[in-house]
1. Just counting partner chain Cβ atoms within 10 Å, what average do the residues of peptide A:34-45 show around their Cβ?
2. Applying the Karplus parametrisation 6.51 cos²θ - 1.76 cosθ + 1.60 with θ = phi - 60° to the phi angles of the range B:25-33, what ³J(HN,Hα) value in whole Hz is obtained for each residue in order, glycine and proline being reported as x?
3. Which order do the peptides B:16-23, A:108-115, A:97-104, A:47-54 come out in when sorted by mean C-beta neighbours inside 10 angstrom, highest first?
4. If amide hydrogens are placed 1.01 Å from N in the peptide plane, which non-local residues have theirs closer than 5 Å to the one on A:Thr71?
5. Counting Lys and Arg as +1 and Asp and Glu as -1, each charge on the Cβ, what is the dipole of chain B about the Cα centre in debye, to the nearest 20?
6. For peptide B:67-79, what's the mean number of Cβ atoms from other chains within 10 Å of each residue's Cβ?
7. List the lysines whose Cα sits under 25 Å from the Cα of A:Lys59, skipping any in the same chain fewer than 8 residues away.
8. Out of A:Leu94, B:Ala54, B:Leu85, whose Cα points farthest toward the positive end of the dipole of the protein assembly as shown (charges: +1 Lys, Arg; -1 Asp, Glu; placed on Cβ)?
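Please treat every number below as a calculation from the coordinates, not as lab data. Quick caveat: nothing in here was measured; it's all calculated off a predicted structure. Cβ coordinates were reconstructed from backbone atoms using ideal geometry, including for glycine residues, and neighbour counts include every protein chain displayed.
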Amino acid sequence: MHIMEGYLPPLHAAAWAAAAAPFVIVGAVKVVRTVREHPESRLLLAASGAFTFVLSALKMPSVTGSCSHPTGAGLGTVLFGPSVMTFMCSIVLLFQALLLAHGGLTTLGANIFSMGIAGPWVGWLVWRSLRGIGASLELSVFAAAALADLATYCVTALQLSLAFPDPVSGVAGAAGKFLGVFAVTQVPLAIVEGLLTVAIMNRLSRYNVGELRQLAVIR
Amino acid sequence: MSFLRDTRLVLALAVGILLIPLFMPSLKTAEFAGADGEAEGVIAELAPDYQPWAEAWWEPPSGEIESLLFALQAGLGAGVLGYVLGLRRGQAQGSGRARDE
């Protein structure tokens with residue numbers, strides 16, 4: 001999902017950066033406020049960031065014969081809400097852009113938008129809806145994490161098709177091609193991310209009942 | 001979906017899903033290259049004249065160094081995650097013991 005350095009035309013790069021900036025600022029404020037109001041949640045906050053660090057470093061094989069990586073944004077989204085994860089993902093993406101030449105500074109806004117905004121917000125909606133209709137904690141976590149992952153890659157595909165429309169079939173035609181590369185590859189990996197997030201959540205909910213209740217995950 | 005509560009089963013399932021593509025007969029000759037690179041190919045096809053207008057200020061000099069950095073990223077994350085889980089488990093056990101005494 002990392003759009004490489006220089007691979008979005010300047011206007012697109014600037015527009016995505018402008019769109020992402022307010023979310024990142026709100027996220028940073030939210031992180032500071034969460035730490036101040038609930039100092040005991042710092043460990044879970046660190047765990048959420050660490051989970052994203054691990055998962056987004058692992059490129060996994062998929063049934064399309066290519067490799068891609070999960071995002072790890074679902075866990076923190078379920079625990080702390082989407083804004084906090086926007087901030088966490090921004091840090092991860094900045095780290096990868098600066099030290100790994102993975103993604104880039106000119107495409108940072110677009111990449112934050114897909115991984116740190118679209119993914120977490122979709123995950124949050126899925127999480128709230130499923131919990132709202134009484135689905136189990138495990139199933140809700142699984143679906144939220146898997147769909148957040150998938151949404152991230154769909155948004156990347158759309159960002160690229162807006163920037164590089166097909167000369168014949170336009171944006172829609174390009175979207176078909178980019179979704180073919182990203183979304184199809186991502187389906188099994190999204191399921192894996194959902195499963196891994198459930199596994200971590202199972203462990204967390206065993207020993208962090210007090211904090212999770214405070215964060216209103218377990219009702 | 002109560003099988004989701006069995007952490008070992010969940011992890012085994014995740015590993016199983018990742019192993020399938022590696023052993024699928026139809027993917028015997030697959031390269032398993034990165035999807036990001038494939039997207040670059042699609043861009044080259046849709047806009048052959050496009051020139052990236054910025055370059056990374058530093059690139060890992062080799063695939064090995066790149067793997068090193070990715071491993072470092074995963075290792076750092078796994079370390080913190082393990083620390084939090086282990087600390088919590090220890091605290092839970094400690095407070096349980098304190099109650100027993």
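1. 1
2. For the range B:25-33, the Karplus-derived couplings read x, 5, 10, 4, 9, 5, 8, 6, 7 Hz, x marking Gly and Pro.
3. A:108-115, A:47-54, A:97-104, B:16-23
4. none
5. Values: 7 positive and 13 negative charges, 232 e Å.
For chain B, the charge dipole is close to 1120 debye.
6. Rounded to a whole number, the mean comes out at 5.
7. Hits, sequence-local ones excluded: A:Lys177, B:Lys28.
8. B:Leu85
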